[in-house]
Every structure is written in C-alpha cells, then in structure tokens.
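Structure first, then comments.
The values are calculated or read from the model by the stated rules, or taken from the named source; none is laboratory data. Here the structure is a predicted model, which is why all the values come from computation and not from measurement. Remember, those area values only see protein heavy atoms, side chains included, never the ligands or the DNA or RNA. Shrake-Rupley method; radii C 1.70, N 1.55, O 1.52, S 1.80 Å.
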Amino acid sequence: MKYGEAKERLETILAEIESAEVDVDDLAERVKEAAALVRVLHDKLTRTKAEVEKVVAEVGEKDDDDEDEEDPDEDEDEDADDEDEDEDEEDDEEDEEGEEDDDERGGSSDDD
C-alpha cells in the first residue's frame, strides 16, 4: 500500500471513530486496522528517512572528495603567491630605506 493511500485510509477511520459513525461491533476492527496503518506509515517514514540520510551522506562524501582533489593545487598556488608578495614587500622596504639614506646624505641623485 502506498503511503498516501494508507494515510488517507487512516484519516477516514479516525474520522469515523471520532464522529461515532462506527458501530460498536466494528469498532475493535477499525482500531486494529488503524493500528496496522500507523505501523505501515511509521515503517515507510523510517525507511525513507534512512534512505535520504544515506544519499545525503554519499553526496557529502563526494563533495569532500572533490574538494580534496582541488585543494592541494590551490594551496600550492596560494603559498607561491604569498611568497611572491613577501618578496615584493621586502624589495619595497629596501627601496624605501635606500631613498631615506640618500636623503640623509644630502639629497638623492635625482636632484642633479
């Protein structure tokens, strides 16, 4: 039985019981049927939840694997870029220090 069908049947039984449409002689049978439907619905939900969690976990693992494959190259490129930036900063600092030394000695060669 499909989930939707089971749910609809359970709702019908509950409505009959609540409205007192069920004959006392049939009440026990309706309650048993309702209990069986509750078990069916619960089992379907439990299985569906497990399947969804499994799929989500597999997708998560695949995403992690994809990121791991890309990360090493990106890290190396980033490290190389960082080293280049550090060297550029050191060169700029040395240039600035050289200009300051020229200024202290009485000017730079640009004034000539």
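For region 9-18, just list the computed ³J(HN,Hα) in residue order, Karplus coefficients 6.51, -1.76 and 1.60, θ = phi - 60°, integers in Hz, with x standing in for Gly and Pro.
Whole-Hz 3J(HN,Hα) from phi for region 9-18: 5, 4, 4, 5, 4, 4, 5, 5, 5, 5.
Just the number please: accessible area per residue for region 21-67, 1.4 Å probe, all protein chains included, in Å². Provide the component values of the computation, followed by the final result.
Numbers: 3820 Å² over 47 residues.
For region 21-67, the per-residue accessible area is 81 Å².
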